[in-house]
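The values are calculated or read from the model by the stated rules, or taken from the named source; none is laboratory data. Here the structure is a predicted model, which means the values were calculated and not measured. Positions of Cβ are generated from backbone atoms using ideal geometry, with glycine treated the same way; all protein chains shown enter the neighbour counts. Protein only, heavy atoms only, side chains kept; ligands, DNA and RNA dropped before computing areas. Shrake-Rupley method; radii C 1.70, N 1.55, O 1.52, S 1.80 Å.
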Amino acid sequence: MRKALRWLLALVVLIGTVSTAGAATAAEPKAVDIKDRLLSIPGMSLIEEKPYTGYRFFVLNYTQPVDHRRPYKGTFQQRITVLHKDVSRPTVFYTGGYSVSTNPSRREPTQIVDGNQVSMEYRYFTPSRPEPADWSKLDIWQAASDQHRIFKALKPIYSENWISTGGSKGGMTATYYERFYPRDMDGVVAYVAPNDVVNREDSAYDRFFARVGTEECRDRLNGVQREALVRRAPLKEKYEAYAAENGYTFDTIGSLDRAYEAVVLDYVWGFWQYSTVKDCADIPADAKNATDDEIWNSVDSISGFSFYTDQGLAPYTPYYYQAGTQLGAPTIHFPHIEKKYIRYGYQPPRNFVPRDIDMRFQPWAMRDVDRWVRHNARHMLFVYGENDPWGAEPFRLGHGARDSYVLTAPGMNHGANVAGLVPEEKALATARILDWADVAPAEVRENPSAAEPLAKFDAKLDKRDVQREPALRP
């Protein structure tokens, strides 16, 4: 009897133990894969996932309202990418202001904080364009609202600090986002962001070109640019043959002659945007005695004779629309070229957008952003290149700014970054980014001069080369 009771007691204990273990196992939540978490967001869908060591990389579509003020008026699919490292790391929100790359890449702040990266394609750049396209809904507030909505959707997953960033038009975009939604981000890093406050006042650019680089380099560039207009007739014949061979047309800009001059007038600007003083060695030293092919090849390599064709302009219609409605566009003069050689001058954005798209300029848009940055900037860093023409009209900080900085990388062009700053400023910028992301090591908090990126450089992810694109756009 006792043996039977002991056996029964042991059986009860065993059953209890198994049941308890089963209950504990059942109570433990099963880890949800990050892809499933992303796709559980209403409106999020997967385009593809690409492998990369140490990360998960997703190309996604997110359903956005065409008009954030009237979301019931229709939607479109906006392409974004997510470079996922870990939900416990900070997140960098990047946009270049144009189309988004569908290959894994890591922007400088992402490397600095060793975090995740969300990249957004700017609205109306294909394929993130409503059909049919209501161009009146392409403005800086609508685009900032796109970012805000993406941030709100992803913040429950990536709950640590967020830093927004972008270069050129992307730097402008990060700034406008901060202006309209200042509570979203914990910091902003805006690279080479133009700030055209008064569209009709562009003398800063003329002063820039009068002193940039060396006198010898300026003379070489000016000589080639002038000679390309002096030889307009024979070089236009070459252009006509080039266009016919490639099937290029000129309906948007109006004529091959207009396109030719636009390419030539971009030449000096384009050189300084993408090149440095050492590259002057590649510019013909004696333009007057250079061959037609030497002049053509030099201009084509920098400005690109294909750009002002209908085929070249089409991908950038959203940019030129914004330049002609809110952002503004530079106008410069050419004192080294006699007036008889210049027929059109720097043409306005209106000439680069199909005529069936209505455009009206809003002069108050950039004044509002400039005023806000001067008086309200918090945790904002602006980085410029000394030899970048787009930096001639930079953002500036006023008395109301707090923990914000405008820094210039010596000798750098439109690819200026934190790594190119002088050592003291490089350490300062790196330390502030780490602090805004809330990942500054104790030694950096005690000694900011010790600040360095937390992630090691990756030659594929962290490629620093500036993508050569048409000159007269940021």
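Write out, first by first residue and then by second, each pair whose Cβ atoms fall under 8 Å of each other, whose residues are 6+ apart or on separate chains, and whose first residue, in segment 392-404, is under 16 Å from D202 (Cβ atoms) while the second is modelled with pLDDT of 95 or more and among the polar types (S, T, N, Q).
Listed by first residue and then by second, the contacts come to E393/N195; P394/N195.
Keeping to segment 61-107, report how many residues are acidic (D, E) and either within 16 Å of L38 (Cβ to Cβ) or surrounded by 24 or more Cβ atoms within 10 Å (Cβ to Cβ) (or both). Steps first, answer last, please.
Taking segment 61-107 first, the residues acidic (D, E) are 67, 86.
In the following step, the residues that additionally are either within 16 Å of L38 (Cβ to Cβ) or surrounded by 24 or more Cβ atoms within 10 Å (Cβ to Cβ) (or both) were identified as 86.
Number satisfying all stated conditions: 1.
Specify the residue that is nearest to H84 (Cα to Cα); the eligible residues are those in segment 46-64 that are without any contact (Cβ under 8 Å) to a residue 40 or more places away in the chain and of a type outside the set (V, I, T).
Looking at the filtered set, the residue picked out is R56.
Mind telling me which of the residues A243, A323 ends up being assigned to a helix (DSSP H, G or I), touching a residue at least 40 places away in the same chain (Cβ under 8 Å) and more than 27 Å from M412 (Cα to Cα)? I'd like the intermediate steps shown before the answer.
On the way: A323 fails: more than 27 Å from M412 (Cα to Cα).
Of A243, A323, the one residue that is assigned to a helix (DSSP H, G or I), touching a residue at least 40 places away in the same chain (Cβ under 8 Å) and more than 27 Å from M412 (Cα to Cα) is A243.
Considering segment 161-201 alone, what residues qualify as being more than 20 Å from the chain's Cα centre (by Cα) and open to solvent by less than 10 Å² (accessible area, probe 1.4 Å)?
Keep residues of segment 161-201 that are more than 20 Å from the chain's Cα centre (by Cα), which gives 161, 183, 198-201.
Hits for segment 161-201: nothing passes.
Mind checking whether some residue in segment 108-117 is more than 23 Å from F180 (Cα to Cα), open to solvent by less than 10 Å² (accessible area, probe 1.4 Å), among the hydrophobic types (A, V, I, L, M, F, W, C) and in contact with a helix residue (DSSP H, G or I) (Cβ under 9 Å, 6 or more places away or on another chain)?
Yes, the conditions are met somewhere in segment 108-117.
Can you work out which of the residues in segment 125-139 that are open to solvent by less than 10 Å² (accessible area, probe 1.4 Å) and either of a type outside the set (F, W, Y) or more than 29 Å from Y55 (Cβ to Cβ) (or both) is farthest from the chain's Cα centre (by Cα)?
First pass over segment 125-139, keeping only residues open to solvent by less than 10 Å² (accessible area, probe 1.4 Å): 125, 128, 130, 138.
Okay, now just the ones that are also either of a type outside the set (F, W, Y) or more than 29 Å from Y55 (Cβ to Cβ) (or both), so 128, 130, 138.
Details: S128: 16, P130: 21, L138: 17 Å.
It comes out as P130.
When both residues are 6+ apart or on different chains and their Cβ atoms are under 8 Å apart, which pairs have a first residue that lies in segment 406-433 and is without any contact (Cβ under 8 Å) to a residue 12 or more places away in the chain, and a second that is of a type in the set (V, I, T) and surrounded by 22 or more Cβ atoms within 10 Å (Cβ to Cβ)?
The qualifying pairs are K426/V418.
Residue check, A437 against (1) closer than 20 Å to Y177 by Cβ; (2) within 18 Å of the chain's Cα centre (by Cα), all met but one. Which one?
(2)
Given the structure, is G270 closer than 21 Å to K340 by Cα, of a type in the set (G, A, S) and within 32 Å of the chain's Cα centre (by Cα)?
On the way: closer than 21 Å to K340 by Cα: no; of a type in the set (G, A, S): yes; within 32 Å of the chain's Cα centre (by Cα): yes.
No: the conditions fail for G270.
So which residues in segment 333-343 are touching a Lys or Arg at 6+ places or on another chain (Cβ under 9 Å) and either surrounded by fewer than 16 Cβ atoms within 10 Å (Cβ to Cβ) or in a helix (DSSP H, G or I) (or both), if there are any at all? Don't jump to the end; show me each part of the working.
From segment 333-343, those touching a Lys or Arg at 6+ places or on another chain (Cβ under 9 Å) are 334, 336-338, 341, 343; that's our starting set.
H336, E338, Y341, R343 - these are the residues of segment 333-343 that are touching a Lys or Arg at 6+ places or on another chain (Cβ under 9 Å) and either surrounded by fewer than 16 Cβ atoms within 10 Å (Cβ to Cβ) or in a helix (DSSP H, G or I) (or both).
Exactly one condition in (1) open to solvent by 70 Å² or more (accessible area, probe 1.4 Å); (2) in contact with a Phe, Trp or Tyr (Cβ under 6 Å, 6 or more places away or on another chain) is false for N289; which is it?
(2)
I'd like the full set of residues that are over 27 Å from P389 (Cβ atoms) and polar (S, T, N, Q), limited to segment 415-446.
none
Among the residues of segment 216-246, count how many are open to solvent by 50 Å² or more (accessible area, probe 1.4 Å) and closer than 25 Å to P318 by Cβ.
1
Name the one entry in R371, R445, R360 that is under 30 Å from T252 (Cα atoms), modelled with pLDDT of 95 or more and more than 21 Å from the chain's Cα centre (by Cα). Break it down stepwise before answering.
Values: R371 fails: under 30 Å from T252 (Cα atoms); R445 fails: under 30 Å from T252 (Cα atoms).
Being under 30 Å from T252 (Cα atoms), modelled with pLDDT of 95 or more and more than 21 Å from the chain's Cα centre (by Cα) holds for just one of R371, R445, R360, which is R360.
I'd like to verify a number: residues in segment 45-60 that are open to solvent by 40 Å² or more (accessible area, probe 1.4 Å) and of a type in the set (A, V, I, L, M, F, W, C), how many? Reasoning before the result, please.
Kept after step one, since they are open to solvent by 40 Å² or more (accessible area, probe 1.4 Å), are these residues of segment 45-60: 45-54, 56.
With the extra rule that they be of a type in the set (A, V, I, L, M, F, W, C), the set shrinks to 46-47.
Final tally of qualifying residues: 2.
Got a number for residues in segment 317-334 being farther than 22 Å from F209 by Cα and of a type outside the set (S, T, N, Q)?
Start the filter on segment 317-334 by keeping residues that are farther than 22 Å from F209 by Cα, which leaves 317-322, 324-326.
Right, trim to of a type outside the set (S, T, N, Q) and you get 318-321, 324.
Summing the residues that are farther than 22 Å from F209 by Cα and of a type outside the set (S, T, N, Q) in segment 317-334 gives 5.
Would you say T165 is part of a helix (DSSP H, G or I) and touching a residue at least 60 places away in the same chain (Cβ under 8 Å)? I'd like the intermediate steps shown before the answer.
Values: part of a helix (DSSP H, G or I): no; touching a residue at least 60 places away in the same chain (Cβ under 8 Å): yes.
Against the criterion (part of a helix (DSSP H, G or I) and touching a residue at least 60 places away in the same chain (Cβ under 8 Å)), T165 does not qualify.
Output the number of the condition that I157 fails; it satisfies all remaining conditions of (1) in contact (Cβ under 8 Å) with a residue 24 or more places away in the chain; (2) out of contact with any helix residue (DSSP H, G or I) (no Cβ under 9 Å at 6 or more places or on another chain); (3) open to solvent by 10 Å² or more (accessible area, probe 1.4 Å).
(2)
Looking at this structure, is T173 at negative phi, outside any helix (DSSP H, G or I) and touching a residue at least 24 places away in the same chain (Cβ under 8 Å)? Break it down into steps so the answer makes sense when it comes.
Details: at negative phi: yes; outside any helix (DSSP H, G or I): no; touching a residue at least 24 places away in the same chain (Cβ under 8 Å): yes.
No: the conditions fail for T173.
Restricting segment 20-32 to residues that are open to solvent by 70 Å² or more (accessible area, probe 1.4 Å) and either in contact with a helix residue (DSSP H, G or I) (Cβ under 7 Å, 6 or more places away or on another chain) or assigned to a helix (DSSP H, G or I) (or both), which is modelled with the lowest pLDDT? Lay out the reasoning, then the answer.
Initially, segment 20-32 is screened for residues open to solvent by 70 Å² or more (accessible area, probe 1.4 Å), giving 20, 25-32.
Those left that are additionally either in contact with a helix residue (DSSP H, G or I) (Cβ under 7 Å, 6 or more places away or on another chain) or assigned to a helix (DSSP H, G or I) (or both): 20, 25-27.
On the way: T20: 41, T25: 45, A26: 49, A27: 52.
Top of the filtered list is T20.
Looking at (1) assigned to a helix (DSSP H, G or I); (2) more than 30 Å from N417 (Cβ to Cβ); (3) open to solvent by less than 60 Å² (accessible area, probe 1.4 Å), which is the one condition that is false for F208?
Exception for F208: condition (2).
Could you tell me which of the residues A281, A314, A329 is among the hydrophobic types (A, V, I, L, M, F, W, C), closer than 22 Å to H414 by Cα and part of a helix (DSSP H, G or I)? Quick ask: steps written out before the conclusion?
Details: A314 fails: closer than 22 Å to H414 by Cα; A329 fails: part of a helix (DSSP H, G or I).
One residue alone meets the criteria, A281.
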